Ligand code: 4GP
């Protein structure tokens with residue numbers, strides 16, 4: 001066929017005088033209004049009588065996406081032309097949160113969009129609430145990945161986030177009679193305007209079967225993998241827009257599909273239904289996100305998910321490399337691949353397989369490329385969270401990978417023996433294969449061996465990593481280790497979440513602070529200005545009112561915005577010690593009952609967070625919080641001075657209401673257990689004071705803000721280890737503290753469970769006889785520290801001063817700082833300016 005004739009099409013002129021180009025890319029009110037109207041008509045297609053609020057959300061989202069599309073294509077072209085090295089962030093989770101508000105902010109068109117909708121008779125704030133957030137993550141690590149994508153685009157670094165398009169994200173939490181109920185998260189139910197399906201971008205992923213050896217044309221021995229099943233992964237792209245720049249990067253999520261033609265056997269024998277069943281099996285791979293803190297769940301499928309997305313991603317990188325005409329030998333010069341925890345660490349083996357079996361590189365060359373390509377971030381020291389896979393299961397799913405692991409291990413252990421000769425105990429400890437008990441593949445070891453850079457996520461955590469779980473690896477390769485303290489994006493978690501404070505900061509500092517958080521230091525001088533403090537307080541109180549309205553609407557609990565808002569929101573986990581918080585609440589309750597005249601600062605205790613569906617103790621803790629809330633909130637002796645509320649379904653959307661409303665941020669994990677925490681940073685940014693242990697990034701928060709502006713309590717990591725070594729007896733804590741004893745007895749009596757003494761027995765027994773996270777050991781110090789908080793709250797002016805200083809000194813915790821460190825010290829990735 002001859003090529004199509006080139007003709008020039010003039011942009012059509014619409015009735016409003018706007019050209020088509022404007023309607024798709026114009027940033028003014030008229031263009032946006034026309035774009036929304038067009039999308040309502042041509043993309044959605046409901047007649048006016050049937051047009052819903054959700055339709056307006058969808059139409060505006062599409063209009064915004066058009067604007068991003070323009071920037072996105074320019075970014076891809078620029079990166080291609082400049083041949084820049086690209087960051088590939090491999091993560092099983094991306095907890096992005098609602099897109100619309102953030103994209104309007106990053107594009108700088110919030111006011112225009114608001115005005116355009118107003119002209120159409122709609123309120124932007126109400127339209128924003130229609131968005132169903134993509135909950136493709138459990139918590140910390142998934143949200144960190146999302147913050148990092150925001151910073152990568154804002155800092156103009158070429159980057160792709162590679163992950164999984166789960167059909168069902170993290171469950172929605174409802175509270176039924178105080179208990180958590182899990183509801184399937186059907187986030188794709190009404191479509192997803194942010195993603196662009198790319199059915200032609202597809203890769204094939206093998207599963208199971210066996211391997212065969214053969215000799216190639218050149219006489220070299222090679223291996224062929226004869227799989228039992230082939231699954232097809234197709235790409236869904238979500239553009240991620242930088243703030244105040246044209247750069248717009250890609251989040252590429254893979255979705256599993258059956259390979260129709262693969263099972264011809266079944267088709268040929270007429271077994272159509274068998275073939276359809278296989279199709280269903282293939283498609284379950286990306287069905288659902290698994291919880292991160294249930295050690296045994298969905299093992300087989302989870303490994304399948306990990307391999308699936310990692311294989312698609314690496315194949316995709318190789319494919320793009322060859323499109324660019326770059327030889328495969330230069331892979332590591334073009335890609336910096338970061339492993340977000342061990343979930344994608346099978347990538348080390350998969351890249352070896354692709355290079356050696358498929359591209360026929362020799363082993364040493366392939367290994368050098370692999371190690372130079374990968375970096376590994378560890379997010380937890382909890383032993384039960386360190387991934388291992390039983391050998392038989394691994395072999396059944398990935399037979400070729402197990403062979404490659406054996407070969408990597410053989411060479412690696414030779415190196416260990418050469419360095420530490422005679423130390424066979426060390427060899428056994430470091431091996432990629434665990435041999436004590438059931439044999440298994442140790443994914444953290446694989447990640448450490450296959451990466452040139454290994455990092456923890458806060459200074460303390462990185463030190464503990466070197467001293468505990470990865471000690472042997474540190475002794476082997478000290479130069480691979482570094483710390484990269486986490487950060488959070490100030491765009492979403494300050495500018496977007498706290499518009500009142502944003503306006504005040506703009507007035508005080510100009511408008512550059514969201515990309516230059518060190519400027520916040522200039523606020524320090526304002527902390528002594530009484531008029532500024534008044535404005536600061538008014539903003540906080542308005543935020544508290546906004547949250548109180550939300551809580552009233554969702555729980556029927558009415559909170560007074562003039563009270564101290566004391567907030568703990570995060571996953572429910574014993575090491576995070578929500579139950580320590582509850583013990584303090586019950587202590588205060590008893591004190592008030594016994595001494596009605598007691599002078600306390602009135603407080604609202606607010607909780608939020610999901611428990612893994614199979615985590616018994618965490619689910620009891622939710623019930624306990626709600627039981628205590630029910631009793632206290634209904635008790636007229638105390639409910640004018642204290643109340644308790646559990647916000648259901650903690651997610652990114654309601655987090656944006658919660659952080660700005662906090663006076664006090666609860667960061668009370670057992671020292672040595674919380675790798676970093678990022679909620680602690682979001683609270684600080686919004687001017688909350690922290691009550692916390694010396695754990696994770698709390699240590700650095702306290703360093704930045706000053707000890708006098710931080711409520712510190714509790715055992716240190718060394719003390720925790722010491723006590724555990726000596727033999728910890730929680731009963732001793734109870735024997736020596738009659739108030740603690742009474743509190744535990746009250747809980748155990750059924751007082752907070754409508755007389756049913758069974759409900760909390762397991763919690764009380766666990767604390768009394770085991771208490772693995774030293775709740776009772778820290779109880780007295782915590783209660784005493786809370787008294788200091790109450791006293792400090794009485795001095796409003798000084799509290800406000802401290803609040804201002806918290807925001808003023810939070811600059812270090814911007815994800816921009818963290819991403820600069822990764823780019824400079826691990827990835828070696830330079831900015832690329834995108835012009836339109
Ligand atoms: C979390 C850690 O528990 C948290 O301390 C840290 O701030 C966050 O990662 C980001 O680094 N870990 C997880 C997980 O979310 O699944 O292990």
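The values are calculated or read from the model by the stated rules, or taken from the named source; none is laboratory data. Fair warning: this is a prediction, and the values are worked out from it, not measured in the lab. Neighbour counts are summed over all protein chains in view; Cβ atoms, including those assigned to glycine, are modelled from backbone coordinates with ideal geometry.
Would you check which residues across region 89-130 are under 30 Å from residue 308 (Cα atoms) and either surrounded by fewer than 21 Cβ atoms within 10 Å (Cβ to Cβ) or within 16 Å of the ligand (Cβ to nearest atom) (or both) and list them?
The answer is 89, 90, 91, 92, 93, 94, 95, 96, 97.
If you check every pair at least six apart or on different chains, which have Cβ atoms under 6 Å apart with a residue in region 669-684 that is within 15 Å of residue 580 (Cα to Cα) and free of Cβ contacts under 8 Å to residues at least 60 places away in the same chain first and a residue that is more than 8 Å from the ligand (Cβ to nearest atom) and in a loop (DSSP other than H, G, I, E, B) second?
Note: pairs meeting the criteria are 671/693; 671/694; 671/695; 671/715; 671/716.
Could you please let me know if residue 207 is surrounded by 18 or more Cβ atoms within 10 Å (Cβ to Cβ), away from the ligand (no atom under 16 Å from the Cβ) and under 30 Å from residue 244 (Cβ atoms)?
So residue 207 does not fit the description; no.
Table: residues versus (1) within 16 Å of the ligand (Cβ to nearest atom); (2) in a helix (DSSP H, G or I); (3) under 30 Å from residue 418 (Cα atoms).
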| position | (1), (2), (3) |
| --- | --- |
| 469 | yes, no, yes |
| 473 | no, yes, yes |
| 508 | no, yes, no |
| 528 | no, no, no |
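Tally the residues that are on the phi < 0 side of the Ramachandran plot and exposed (fewer than 14 other Cβ atoms within 10 Å of the Cβ), restricting the search to region 704-730.
7
Okay, residues lined up against (1) surrounded by 16 or more Cβ atoms within 10 Å (Cβ to Cβ); (2) closer than 30 Å to residue 458 by Cα:
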{"residue": "358", "(1), (2)": "no, no"}
{"residue": "362", "(1), (2)": "no, no"}
{"residue": "375", "(1), (2)": "yes, yes"}
{"residue": "380", "(1), (2)": "yes, yes"}
{"residue": "384", "(1), (2)": "no, yes"}
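Inspect all residues belonging to region 167-175 and state whether any of them is surrounded by fewer than 17 Cβ atoms within 10 Å (Cβ to Cβ), free of Cβ contacts under 8 Å to residues at least 60 places away in the same chain and in the same structural domain as residue 231 (by TED's automatic domain parsing).
The answer is no, given that none of the residues of region 167-175 is surrounded by fewer than 17 Cβ atoms within 10 Å (Cβ to Cβ), free of Cβ contacts under 8 Å to residues at least 60 places away in the same chain and in the same structural domain as residue 231 (by TED's automatic domain parsing).
Has region 450-460 got at least one residue that is within 16 Å of the ligand (Cβ to nearest atom), assigned to a helix (DSSP H, G or I), in contact (Cβ under 8 Å) with a residue 40 or more places away in the chain and not assigned by TED's automatic domain parsing to the domain that holds residue 815?
Scanning region 450-460, I find at least one residue that is within 16 Å of the ligand (Cβ to nearest atom), assigned to a helix (DSSP H, G or I), in contact (Cβ under 8 Å) with a residue 40 or more places away in the chain and not assigned by TED's automatic domain parsing to the domain that holds residue 815, so the answer is yes.
Being touching a helix residue (DSSP H, G or I) at 6+ places or on another chain (Cβ under 8 Å) and on the phi < 0 side of the Ramachandran plot is the requirement here; does residue 199 meet it?
no
Looking at region 747-760, can you tell me whether even one residue there is under 24 Å from residue 179 (Cβ atoms), in the same structural domain as residue 720 (by TED's automatic domain parsing) and within 33 Å of the chain's Cα centre (by Cα)?
Looking through region 747-760, at least one residue is under 24 Å from residue 179 (Cβ atoms), in the same structural domain as residue 720 (by TED's automatic domain parsing) and within 33 Å of the chain's Cα centre (by Cα).
If you go through region 78-94 one residue at a time, do you hit one that is within 16 Å of residue 192 (Cα to Cα) and in the same structural domain as residue 151 (by TED's automatic domain parsing)?
Yes: one or more hits.
It is to be established whether one or more residues within region 339-354 are within 24 Å of residue 221 (Cα to Cα), more than 16 Å from the ligand (Cβ to nearest atom) and either over 29 Å from the mean Cα position of the chain (by Cα) or at pLDDT below 95 (or both).
Yes; the residues of region 339-354 include at least one that is within 24 Å of residue 221 (Cα to Cα), more than 16 Å from the ligand (Cβ to nearest atom) and either over 29 Å from the mean Cα position of the chain (by Cα) or at pLDDT below 95 (or both).
Tell me whether region 631-642 contains one or more residues that are closer than 17 Å to residue 174 by Cβ and surrounded by fewer than 19 Cβ atoms within 10 Å (Cβ to Cβ).
no
Restricting attention to region 366-389, and to residues there that are touching a residue at least 60 places away in the same chain (Cβ under 8 Å), under 20 Å from residue 467 (Cα atoms) and in contact with a strand residue (DSSP E or B) (Cβ under 9 Å, 6 or more places away or on another chain), which single residue is nearest to the ligand (Cβ to nearest atom)?
This residue is 379.
Select, from 572, 606, the only residue that is in the same structural domain as residue 628 (by TED's automatic domain parsing), surrounded by 24 or more Cβ atoms within 10 Å (Cβ to Cβ) and over 29 Å from residue 505 (Cβ atoms).
Result of the check over 572, 606: 572.
So which of 465, 523 is in contact (Cβ under 8 Å) with a residue 24 or more places away in the chain, in a helix (DSSP H, G or I), within 25 Å of residue 699 (Cα to Cα) and touching a strand residue (DSSP E or B) at 6+ places or on another chain (Cβ under 8 Å)?
On inspection, the qualifying residue turns out to be 465.
Of all strands (runs of 3 or more DSSP E) completely enclosed by region 612-731, which ones contain at least 2 residues that are more than 16 Å from the ligand (Cβ to nearest atom) and more than 26 Å from the chain's Cα centre (by Cα)?
Qualifying strands (runs of 3 or more DSSP E): 642-647.
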